[in-house]
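Structure record follows, encoded as structure tokens.
The values are calculated or read from the model by the stated rules, or taken from the named source; none is laboratory data. No experiment lies behind these values; they were computed from the predicted model shown. So basically every Cβ, Gly included, is an ideal-geometry build from the backbone, and we count neighbours across all protein chains shown. In case anyone asks, the SASA skips ligands and DNA or RNA and just uses the protein heavy atoms, side chains included. Shrake-Rupley method; radii C 1.70, N 1.55, O 1.52, S 1.80 Å.
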Amino acid sequence: MNSKTADRIATGAFIAIAIIIVSILAGLFFYIFINGLKYISFDFLTTPSSNVRAGGGIRDQLFNSFYILFITMLITVPIGIGGGIYMAEYAKPGKVTDLIRTCIEVLSSLPSIVIGMFGLLVFVNTTGWGYTILGGALALTVFNLPTMVRTTEDAIRAVPRDLKEASLALGITHWHTIKTVILPTAFPSILTGAILASGRVFGEAAALLFTAGLSTPRLDYANWNPFSEQSPLNIFRPAETLAVHIWSVNTQGLIPDVEAVSSGSAAVLVISVLIFNLGARWIGSIIHKRVTATK
Amino acid sequence: MVTAIKERITLDVTAQEYREFQPEHILTVKNLEIFYGEKRAVNGISMDIGKNNVTALIGPSGCGKSTFLRSINRMNDLIPGARAEGEILYEDLNILSDDINVVALRKEIGMVFQKPNPFPKSIYENITHALKFAGMKKKSVLDEIVEESLQKAALWDEVKDRLHKSALSLSGGQQQRLCIARTIAMKPTVILLDEPSSALDPISNAKVEDLIVDLKKDYSIIIVTHNMQQASRISDKTAFFLSGDLIEYDDTEKIFTNPSVQKTEEYISGRFG
């Protein structure tokens, strides 16, 4: 076989793989939308769910998904970026650093159900909080943190060494160089990492079953006092997310319209992830353009 | 060193007057050795670097000239396993000593690199970046320094209408002059140039060379170059390095017309390297 044929075969193989990936994705979207879109209505999005009667909505579950995501990222992003900075800029190469890196990799590949059990032991029982948003967010942090650290480290390492040297050679300290030159340059890749991590939070059910629980108290959306029992902002209340809701109505739902609720929820979940991704990227590119003065 | 201090005391002059009194050297290198791990890259060199001079460092790749240059503002600190022995005296201070404030040193001894490396920020911010860190916040002052340093770097006329556009939109030669501008904005005394025009086209190169000759009125300049014509055109003194040794160091004219060492002559006439 000559090299020209080999080149053609390779090109063909990669195009085939790309087509397979795109068609799986398109098929999934199509299936979810065909089945779910017809159930999505304003009512569906704005009424609380019902345990027994038909016609329940997903208002609280939708809010809970976004709120848990917000709390999780609030914890994950600063710690993850800090860890990434440490690994890329401060950790001396050697056995200890290698050990830390191995631990991070193992942590990120733990099955989420195991993280859920761990969360049950630590964030639910040991702390005595019971099922809470904070417990769920901390459990999600456990498996999001490694991804965040890893992507930040890689993003920082990908910043050209020239830029770092240029800043240091102007008499700027290491920390100020990281803050004003390295992190802004690495920002787009770090943002991608954060978005990927967020996607996992949206879709996660197993780790939340035992930490954030399967129920939501009656919420009053006019109550913004985060310490009140009825407030949606209270982080010490149980919270069933959309992904958990899909699982629970399908496995133990007593409502007659399981099909409608779960298909509708699935479509809403996918749309939410899509909107969140595009939105985050759009805001990120505005920030990046402002920082780098590219219009 | 001891005699210098004695002299200063007996003459009863301030440090400032002393420097004016003895202006010819800005840096004194004594038995400098630089190692990367076990490997020795620079073998005990000694030389005086003239004040308000352009000193060119020439020699084949791997001869230690860039390593030497980078040790003058301690950029080698970034390389794991690199260490230096001996002395580089700057205003009677040993730059290589552990208790030197490296950040402050680099404000005095600036550096321009081989590849233009502007920050991915606006032209204006490229210059104010380090000034702001040094505590200058007032916009009128910053504006003034930006204009002044771009003027000095002969870039002002080309960029004055787009100061807030990205520095990456400039051509390679303009980027390199911007890098020089942001270095002189810090008002250093010494500027180190590591093959500053090797990545540039001949026209940009000529501009950078003119600029360097112009800058020596205010700064002491040390330049590493692979370009023999460049060294002979712009420098006052030339040092020839080979395998980590300083082979010959003399007035540029002498090096290029009548070198005293056989190896130097062979190198500058292109017979090796």
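If you go through the range A:67-89 one residue at a time, do you hit one that is assigned by TED's automatic domain parsing to the domain that holds A:Trp247 and more than 24 Å from the chain's Cα centre (by Cα)? Yes, the range A:67-89 contains at least one residue that is assigned by TED's automatic domain parsing to the domain that holds A:Trp247 and more than 24 Å from the chain's Cα centre (by Cα). The residues of the range B:229-265 that are open to solvent by less than 50 Å² (accessible area, probe 1.4 Å) and more than 26 Å from B:Glu24 (Cβ to Cβ), listed by number, are B:Leu242, B:Gly244. Looking across the range A:252-284, the residues that are surrounded by fewer than 16 Cβ atoms within 10 Å (Cβ to Cβ), touching a residue at least 40 places away in the same chain (Cβ under 8 Å) and farther than 24 Å from A:Ile68 by Cβ come down to A:Leu254, A:Pro256. Report whether or not A:Val249 is open to solvent by less than 30 Å² (accessible area, probe 1.4 Å), in the same structural domain as A:Ala280 (by TED's automatic domain parsing) and over 30 Å from A:Glu153 (Cα atoms). The answer is yes for A:Val249.
Among the residues of the range B:78-108, those identified as facing chain A (nearest Cβ under 9 Å) and either part of a loop (DSSP other than H, G, I, E, B) or in contact (Cβ under 8 Å) with a residue 12 or more places away in the chain (or both) are B:Pro80, B:Val102, B:Leu105, B:Arg106, B:Lys107, B:Glu108.
Tell me, yes or no, whether the range B:122-130 has at least one residue that is under 15 Å from B:Ser171 (Cα atoms), open to solvent by less than 50 Å² (accessible area, probe 1.4 Å) and of a type in the set (A, V, I, L, M). The answer is yes; a qualifying residue exists. Residues in the range A:66-83 that are over 14 Å from A:Leu138 (Cα atoms) and in contact (Cβ under 8 Å) with a residue 12 or more places away in the chain were compared, and the one that is least open to solvent (accessible area, probe 1.4 Å) is A:Gly83. Restricting attention to the range A:169-179, the residues that are within 7 Å of chain B (Cβ to nearest Cβ) and either in a helix (DSSP H, G or I) or among the aromatic types (Phe, Trp, Tyr) (or both) add up to 2. Just to be sure before I move on: is B:Lys138 at pLDDT below 95 and under 28 Å from B:His25 (Cβ atoms) in the structure I sent? When the stated conditions are applied, B:Lys138 does not pass them.
Where residues in the range B:41-65 are of a type in the set (Ser, Thr, Tyr) and under 24 Å from B:Glu91 (Cβ atoms), which of them is most open to solvent (accessible area, probe 1.4 Å)? By that ranking, first place goes to B:Ser46. Scanning the range B:182-200 for residues that are in contact with a His (Cβ under 8 Å, 6 or more places away or on another chain) and surrounded by fewer than 23 Cβ atoms within 10 Å (Cβ to Cβ) yields a total of 2.
For the range A:249-267, filtered to residues that are touching a Ser or Thr at 6+ places or on another chain (Cβ under 9 Å) and part of a helix (DSSP H, G or I), the residue that is nearest to the other protein chains (Cβ to nearest Cβ) is A:Gly264.
Residues in the range A:158-166: is at least one of a type outside the set (Asp, Glu), touching a strand residue (DSSP E or B) at 6+ places or on another chain (Cβ under 9 Å) and facing another protein chain (nearest Cβ under 8 Å)? Yes, that holds for at least one residue.
Among residues of the range B:123-167 being among the aromatic types (Phe, Trp, Tyr) and within 14 Å of chain A (Cβ to nearest Cβ), the one that is farthest from A:Val291 (Cα to Cα) is B:Phe133. Among the residues of the range B:132-176, those identified as under 15 Å from B:Ser122 (Cα atoms), in a helix (DSSP H, G or I) and open to solvent by 10 Å² or more (accessible area, probe 1.4 Å) are B:Lys132, B:Asp143, B:Glu147, B:Trp156, B:Glu158, B:Lys160, B:Asp161, B:Arg162, B:Leu168, B:Ser169, B:Gln174, B:Gln175.
Among the residues of the range B:191-206, those that are among the aliphatic types (A, V, I, L, M) and more than 17 Å from A:Glu165 (Cα to Cα) comprise B:Ala199, B:Leu200, B:Ile203, B:Ala206.
The single residue among A:Ile275, A:Ile190, A:Ile235 that is among the β-branched types (Val, Ile, Thr) and assigned to a loop (DSSP other than H, G, I, E, B) turns out to be A:Ile235.
For the range B:109-121, the candidate set comprises residues that are within 7 Å of chain A (Cβ to nearest Cβ) and of a type in the set (A, V, I, L, M, F, W, C); within that set, the residue that is surrounded by the fewest Cβ atoms within 10 Å (Cβ to Cβ) is B:Phe113. Looking only at the range B:210-225, residues that are touching a Lys or Arg at 6+ places or on another chain (Cβ under 9 Å) and either of a type in the set (Gly, Ala, Ser) or surrounded by fewer than 20 Cβ atoms within 10 Å (Cβ to Cβ) (or both) come to 4 in all. Among residues of the range B:148-177 that are without any contact (Cβ under 8 Å) to a residue 12 or more places away in the chain and more than 15 Å from B:Ala206 (Cα to Cα), those with a beta-carbon under 7 Å from a residue that is open to solvent by less than 10 Å² (accessible area, probe 1.4 Å) and hydrophobic (A, V, I, L, M, F, W, C) at least six positions away or on a different chain give the pairs B:Trp156/B:Leu150.
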